[in-house]
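Report on the structure given below.
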Amino acid sequence: MDDLREKYLNAIAGAGDEASLEELRVAAVGKKGEVALQMRELGKMSPEERQVMGPKLNALKDEINAALAAKKSALEDAALDERLKAEWLDVTLPPRPSQQGTIHPVSQVTEEVTAILADMGFSVAEGPQIETDWYNFDALNIPGHHPARTEMDTFYMHRLEGDNRPPHVLRTHTSPVQIRSMQKQGAPIRVIAPGRVYRADYDQTHTPMFHQVEGLAIDKDISMANLKWVLEEFFSAFFGTKVKTRFRASHFPFTEPSAEVDIQCSWEGGTVKVGEGDGWLEVLGSGMVHPKVLEAGGIDPDEWQGFAFGMGIDRMAMLKYGIPDLRAFFDSDLRWLRHYGFAALDVPTLHGGLNR
Ligand code: DAH
């Protein structure tokens with residue numbers, strides 16, 4: 001029995017995997033294993049011998065089973081260790097750098113402008129960039145012979161012979177959205193319309209596509225005083241400092257009276273600084289909406305009145321963030337975009353602040 005014990009305990013200790021352990025189990029303590037064979041011998045023994053050998057054989061069987069179980073779990077532990085070593089992951093390693101996009105200054109400033117004016121009760125309206133010449137001109141009191149049609153360097157859509165749809169243009173300003181909004185909502189109304197506009201023009205401060213934001217407020221008793229307050233509040237919030245404004249009498253076909261608005265700035269050291277100094281910079285056109293424009297929008301000018309304004313968004317971005325050349329806005333140069341772009345998740349809000 002001692003030989004049997006030594007033979008199997010050694011073999012179990014030396015087993016390299018679970019399959020050889022199983023073979024050893026069958027050979028030692030299986031139904032036809034060596035221990036079972038010995039047990040069968042008990043029948044041939046005298047009762048005295050049996051009383052000694054029976055328990056001994058049972059103890060040997062238990063001992064071998066225990067050794068098998070211990071070896072099995074040792075093999076499992078070793079296999080697990082092996083796996084852990086192979087699949088080890090250093091979670092403290094810094095991540096690989098990922099390419100991050102930025103928000104374009106035009107988008108950023110559009111969000112800023114919208115946040116300020118939305119807080120004053122203006123909602124955002126939209127219109128098509130390919131516009132009929134009626135919305136772009138006639139409805140805004142710019143008749144066919146008016147110089148504004150040529151002054152604006154309009155892009156006309158080419159028409160094939162037999163096409164009897166109304167003539168279309170790339171909208172030269174966001175003002176047609178005034179008409180569309182009035183037609184859709186009626187009065188009273190308070191909307192802004194940011195978006196792309198097009199004119200055939202190209203130099204350091206002009207690109208054939210640029211951005212404007214239109215403002216329109218119509219109610220029973222809206223006056224130039226409301227316009228002035230809205231714009232002064234707007235500029236101060238936008239530039240983060242009190243900004244003086246100057247209203248100059250002007251002319252637009254769609255407003256009467258009309259005013260061009262300048263903001264206070266200094267020109268020291270070759271750079272423009274808004275909100276200081278005694279220089280002036282023209283930034284927008286505005287006025288009281290012309291009765292004919294209200295009519296074109298389906299609103300009774302005897303009952304309603306209000307103001308409108310139109311401002312260049314790209315221009316505002318250049319001023320606020322010190323960007324010198326407008327053309328670079330639309331070059332898609334990655335170095336420029338990374339330099340002047342804004343963090344993607346850092347959305348401008350009144351409570352979060354509008355200055356970066
Ligand atoms: N549409 C004009 C332009 O593009 C700007 C403008 C002037 C808009 C006066 C207005 C306004 O709403 O009242 O030059």
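The values are calculated or read from the model by the stated rules, or taken from the named source; none is laboratory data. Just so it is clear, the model here is predicted, and its values are computed rather than measured. FYI the Cβ positions are ideal-geometry reconstructions off the backbone, even for glycines, and counts take in every protein chain you see. Remember, those area values only see protein heavy atoms, side chains included, never the ligands or the DNA or RNA. Shrake-Rupley method; radii C 1.70, N 1.55, O 1.52, S 1.80 Å.
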Mind counting the residues in segment 279-326 that are of a type in the set (Ser, Thr, Tyr) and not in a helix (DSSP H, G or I)? 1
Give me the residue from segment 58-97 that is hydrophobic (A, V, I, L, M, F, W, C) and open to solvent by 100 Å² or more (accessible area, probe 1.4 Å) and, out of that set, nearest to Leu42 (Cα to Cα). Leu84
Matching residues in segment 186-204 (among the polar types (S, T, N, Q) and either under 12 Å from Leu216 (Cα atoms) or open to solvent by less than 30 Å² (accessible area, probe 1.4 Å) (or both)) number 0
Matching residues, segment 301-317, being touching a residue at least 24 places away in the same chain (Cβ under 8 Å) and either more than 13 Å from the ligand (Cβ to nearest atom) or open to solvent by 10 Å² or more (accessible area, probe 1.4 Å) (or both): Glu303, Trp304, Gln305, Gly310, Gly312, Arg315, Met316, Ala317
Subset of segment 212-258 [surrounded by 14 or more Cβ atoms within 10 Å (Cβ to Cβ) and among the aliphatic types (A, V, I, L, M)]: Val213, Leu216, Ala217, Ile218, Ile222, Met224, Leu227, Val230, Leu231, Ala237, Val243
In segment 290-327, residue modelled with the highest pLDDT [restricted to those that are in contact with a His (Cβ under 8 Å, 6 or more places away or on another chain) and among the aliphatic types (A, V, I, L, M)]: Ile313
Of the residues Gly270, Gly297, Gly285, which single one is more than 13 Å from the ligand (Cβ to nearest atom) and either touching a residue at least 12 places away in the same chain (Cβ under 8 Å) or surrounded by fewer than 17 Cβ atoms within 10 Å (Cβ to Cβ) (or both)? Gly270
Looking at segment 2-26, which of its residues are of a type in the set (A, V, I, L, M) and open to solvent by less than 70 Å² (accessible area, probe 1.4 Å)? Leu4, Leu9, Ala11, Ile12, Ala13, Ala15, Ala19, Leu21, Leu24
Can you pull out every residue in segment 163-183 that is free of Cβ contacts under 8 Å to residues at least 40 places away in the same chain and over 12 Å from Asp133 (Cα atoms)? Asp163, Asn164
